[in-house]
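A short write-up of the structure that comes next.
The values are calculated or read from the model by the stated rules, or taken from the named source; none is laboratory data. No experiment lies behind these values; they were computed from the predicted model shown. Note that we place each Cβ from the backbone using ideal geometry, even for glycine, and neighbour counts take in every protein chain shown. Just so you know, the surface numbers come from the protein's heavy atoms only, side chains and all, with ligands and any DNA or RNA stripped out. Shrake-Rupley method; radii C 1.70, N 1.55, O 1.52, S 1.80 Å.
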Amino acid sequence: AVSKSFVIWAERYLQNKHFSKHQECNTRCLIDKVTRFEDEHKHPMNIDSMTADDLRVFADFLSSDYDISMNTIVTNMTLMRTVCNWVRKQGVTNNDPFFGYDMPKALYGTPYFLTIQERDQVLDADLTDDAELAEYRDMFVFQCMVGCRHSDLVTFTPKNIIDGVLEYIPIKTKGKSGDVVRVPLIPKAMAILDGHDHGDDEPIFPKHYNFKFNDAIRRILKRAKVNRVVTVINPKTRLEEKKPISDVATSHLARRTFIGNLYRMVKDPDLVASMSGHAKGSVAFARYRVIDDDMKKSLVELIQ
């Protein structure tokens, strides 16, 4: 008989798809959580008989047993729905437990990013007393100028630079679109590269763990006195809080700095997405469209 265990089918889903490490890790984590849920609740998650009520109990289990934010719970439930949809496409079951389930909403605040002046303030900060921090600073500012993800940043070699243009296929979309992203490099970005040539096949920047990079970025912003207060959403309480940007910065801030500043100037999502490696019409990209007051004023001036 064909097994109807969700866990077994989630494993098959994983074998069937060619995922990036990050996506594979997310799926493995979900499988572990479902397994633990089944053990603790003595309740098998069966693809034929799973109901919306089972999903609600599982979501409650995630929020009480794991110290995770609502956005992470939404990510887990969305992935679970993706697996269920895939299983139905295999013709194994007609059951759709998500039909009567209201998916909770992920909550994102308005994206904050560095202004061009703040980015240059970081670039010009005197870090001669700390070579390692200076190296992290170069990585961060270069990322601000090209808008890539951290996972791509650490793979670049001089071979990715062709006639002053950075060319690469983002790891995250490699299996889907495989589109080549091309970003012309400004002189400041080229100057950073000149100081980091370790040979044609060697990575431009040494591979550092993202959490170490994030910690370094916060220290760098503090040293550069970039500490403007921004509004962030507390992932646990889902309430707004005010924090210095130097306390909440991560490598993703660099990506947002590239996208946010470009979008402010050209207001063309497809053109910006072609350089940020977002898929066309990406929901994630929509979050970057900060309609700031300057943009509103320039629009209103069109009708005066």
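Select from the range 75-119 the residues that are closer than 18 Å to Ser246 by Cα, open to solvent by 30 Å² or more (accessible area, probe 1.4 Å) and not in a loop (DSSP other than H, G, I, E, B) and list them in ascending order. Scanning the range 75-119 gives Ile116, Gln117.
Looking across Lys222, Lys188, Lys207, Lys236, one residue alone is over 18 Å from Ser69 (Cβ atoms) and either among the acidic types (Asp, Glu) or surrounded by fewer than 12 Cβ atoms within 10 Å (Cβ to Cβ) (or both). It is Lys207. What are the residues in the range 155-172 that are among the hydrophobic types (A, V, I, L, M, F, W, C), assigned to a loop (DSSP other than H, G, I, E, B) and open to solvent by 60 Å² or more (accessible area, probe 1.4 Å), if any? Passing the criteria: only Ile169.
Which condition number in (1) touching a residue at least 12 places away in the same chain (Cβ under 8 Å); (2) surrounded by 14 or more Cβ atoms within 10 Å (Cβ to Cβ) is the one that Ser63 fails? All conditions pass for Ser63, except number (1).
The condition of being open to solvent by 70 Å² or more (accessible area, probe 1.4 Å), assigned to a helix (DSSP H, G or I) and under 25 Å from Arg149 (Cβ atoms) holds for only one of Arg28, Arg36, that being Arg28. A count restricted to the range 198-218 and to residues that are of a type outside the set (Asp, Glu) and under 18 Å from Leu166 (Cα atoms) stands at 6. Taking the range 244-273 as the range and being at pLDDT below 95 and over 17 Å from the mean Cα position of the chain (by Cα) as the test, the residues that pass are Asn261, Leu262, Tyr263, Arg264, Met265, Val266, Lys267, Asp268, Pro269, Asp270, Leu271. For the range 274-304, the tally of residues that are open to solvent by 20 Å² or more (accessible area, probe 1.4 Å), assigned to a helix (DSSP H, G or I) and modelled with pLDDT of 75 or more stands at 6.
Just one of the listed residues (Gln15, Gln23) is modelled with pLDDT under 95, open to solvent by 70 Å² or more (accessible area, probe 1.4 Å) and in a helix (DSSP H, G or I), namely Gln15.
Look at the range 240-252: where a residue is within 24 Å of Arg149 (Cα to Cα) and a partner is open to solvent by 70 Å² or more (accessible area, probe 1.4 Å) and in a strand (DSSP E or B), sitting 6+ places away or on another chain with Cβ atoms under 6 Å, you get Pro244/Val229. Can you find a residue that is polar (S, T, N, Q), open to solvent by 20 Å² or more (accessible area, probe 1.4 Å) and farther than 30 Å from Asp60 by Cα anywhere in the range 130-147? No, the range 130-147 contains no residue that is polar (S, T, N, Q), open to solvent by 20 Å² or more (accessible area, probe 1.4 Å) and farther than 30 Å from Asp60 by Cα.
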